[in-house]
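So the structure is just underneath, and the comments pick up after that.
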Amino acid sequence: MKYQKNERNPNDDGLPEEKGSPDDPKGRRPEQGGPSPVRFFRGGIGWLVFLGLALLLLMLFNKSYDSAQTMTISGFYTELENANVEEIIIGDNNIRGELKSLSGQPKGSTKEFKVDFPPDAMNFEFVQDLTQKATAGGAELRYETSRNIFLEVFLSPLLIYLLIFGLIWFLIFRQLRSSAGGAGMLGSFGRSRHRVLTKERTNVTFNDVAGIDEAKDEVSEIVEFLKNPGKFQKLGGRIPRGVLLIGDPGCGKTLLAKAIAGEAEVPFFSISGSDFVEMFVGVGASRVRDLFSQAKSNAPCIIFLDEIDAVGRRRGVNFNGGGHDEREQTLNAILVEMDGFDTSDQVIVIAATNRADVLDPALTRPGRFDRQVYVPLPDIKGRHEILKVHAKGIKTAENVDLWKLARGTPMFSGADLAAIINEAAITATLAGKERVEQEDLEEARDRVRWGRAKRSRVIDEHEKKIVAYHEGGHALASALIPEGDPLHKVSIIPRGQAGGMTMMLPEGDRHMYSRRFIMATMQAMLAGRVAEELACEDISSGASDDIKRATQLARTMVCEWGMSDRVGPIRYGQDNQNGWPMDGAGRDYSEETAKAIDAEIQKVVREAHEKVRNLLSENRQKLDLLAEALLKYETLDAEDVLRVVRGESIEKPTVNDLLTDAAKIKDTISFGETDERN
């Protein structure tokens with residue numbers, strides 16, 4: 001509770017048969033019939049490139065030669081005398097130029113012209129006479145050296161284009177041809193991007209996995225099969241081909257799969273589901289075939305598909321948008337490869353997901369992932385074992401109580417507990433300590449759950465008072481209501497988005513929730529808002545998270561747990577996992593039932609609000625004392641809160657005392673440094 005700011009048949013050649021691949025629906029290889037993909041790729045694209053190059057050269061040739069019209073000698077002199085010649089270029093055997101206008105010229109003529117002269121006519125006298133006439137007619141005259149038309153107009157551009165396309169051919173097409181031996185025209189794109197950990201590099205055993213003993217016992221038979229397969233084949237038994245690990249994020253699914261490989265001492269092929277999907281259609285299916293082919297050649301081994309829901313989602317128009325898309329092809333390839341296993345194939349496929357509800361039924365049917373292992377969040381004993389495993393690598397003080405820390409971390413995953421130990425080690429190191437103490441672990445737990453404490457934030461005194469009464473209301477209600485979880489500590493130090501926090505310390509893990517416990521928890525959630533109403537004569541937005549969680553809890557009571565007398569023990573959910581028809585509002589119940597549900601939710605919340613209001617009103621003086629103690633000490637543990645409730649005084653330094661002592665220590669250190677310098 002917190003005060004929150006706004007805020008898977010061999011052939012004769014021994015290779016596996018490819019059935020229904022996206023590249024060839026009949027499963028044929030290029031040597032079994034049909035055109036080679038690479039040959040088709042080279043032939044089709046090559047002719048297109050050649051045709052485009054020919055068109056470019058034709059356009060260039062026409063532009064160079066067909067643009068100028070041939071003019072007679074007399075016509076040239078006539079235009080020159082009429083001063084209609086803009087430019088004259090004297091070449092070896094002809095004169096070229098450009099007219100100023102097209103008056104009197106045939107239709108379709110251009111301003112560019114060409115006049116052919118006999119070779120013996122263009123002598124020195126001819127050039128001298130032409131120069132005089134050009135000067136008189138205002139034409140610009142210049143000379144042009146002899147040039148090789150074939151080399152300049154045709155061969156030079158051709159060489160440039162050949163160089164460009166040759167470079168493209170070398171960099172792209174040649175690379176595709178050389179890499180297409182095992183993956184078709186997709187080249188290296190179709191090769192699997194898995195990581196392989198051999199038995200020398202796995203270095204993870206069941207001793208490194210704690211808190212999930214039932215899951216370890218369930219997968220231990222896989223280790224026995226990989227070590228001694230003849231033991232199972234003797235009686236005709238078959239080990240499950242696939243094992244699906246289901247659990248929340250951070251519960252140790254990947255660690256458990258590595259431990260299986262480490263215990264069996266076999267190679268471990270690891271790949272994520274998203275690594276199959278690429279921008280090219282058919283790449284995912286090609287990578288699946290390549291992965292299973294390499295795994296069979298390295299049997300016995302384990303294939304681990306992490307986040308299988310990325311490619312294994314339920315097929316159909318209502319689930320993935322319909323169509324024959326890339327993910328569906330990849331899923332089909334996985335299904336076909338798993339069906340292609342023989343009883344002698346010592347390849348185990350292990351997949352992990354936290355969304356088992358969206359997986360395709362063909363993926364979880366017997367014969368594929370026919371063994372589903374649930375990896376739950378650890379209970380209090382499991383959390384204690386996990387903390388001991390991670391605490392082996394750090395130095396701890398004598399006052400460290402890991403059992404108390406395990407009690408204070410309900411619903412924490414193994415990854416969260418590992419983060420707490422690591423954060424505690426960092427905090428103790430920055431504080432210059434030799435060992436990690438209990439207070440470092442407590443601070444690390446609060447940091448992992450709520451964030452770092454913001455002690456430098458400047459808070460208005462009035463706002464600080466509201467936060468004190470808000471958190472004091474939570475703490476007082478938790479201390480006075482016996483059906484709820486006991487209080488652990490309360491603080492008004494801002495953390496993350498929260499202005500303060502009140503933490504409970506459950507005596508044990510709960511697997512079922514009674515109605516009394518739920519109502520007590522809801523009262524403790526709403527006590528912060530009620531305390532603001534009583535003491536501050538106003539309400540703030542800081543109770544938004546409390547109201548949200550109380551409303552969700554009330555809706556779960558009415559719609560899923562059947563704890564409403566009016567609605568009854570009927571589940572009214574809004575999910576549609578079975579594909580049943582729903583109305584336009586996304587519900588499987590009527591509008592009248594929806595109104596009744598809303599009324600019951602309001603009734604439950606208002607009942608909890610009224611009860612905690614009466615409780616805090618009767619203990620108003622204790623609420624005031626608790627708020628004053630929070631303003632004075634900022635953080636109180638459960639014993640401090642109980643002392644205040646009993647009217648006793650708290651014997652510990654206040655925040656001002658701590659600040660004064662810190663200032664004195666700083667001044668002493670500064671004075672000592674000054675003396676040494678003198």
> Within the range 400-437, which residues are basic (K, R) and in contact with a Leu (Cβ under 7 Å, 6 or more places away or on another chain)?
Replying inline: R407
>> Quick check on the range 220-250: of everything there that is in contact with a strand residue (DSSP E or B) (Cβ under 9 Å, 6 or more places away or on another chain) and at pLDDT 85 or above, which residue is surrounded by the most Cβ atoms within 10 Å (Cβ to Cβ)?
In response: L245
> Could you list, in sequence order, the residues of the range 356-409 that are farther than 25 Å from R510 by Cβ, of a type outside the set (D, E) and part of a loop (DSSP other than H, G, I, E, B)?
Replying inline: R365, P366, G367, R368, F369, K392, G393, I394, K395, A397, N399, V400
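The values are calculated or read from the model by the stated rules, or taken from the named source; none is laboratory data. Since this is a predicted model, take the numbers as computed values, not measurements. Note: ideal-geometry Cβ built from the backbone for every residue, glycine included; neighbour counts use all protein chains shown.
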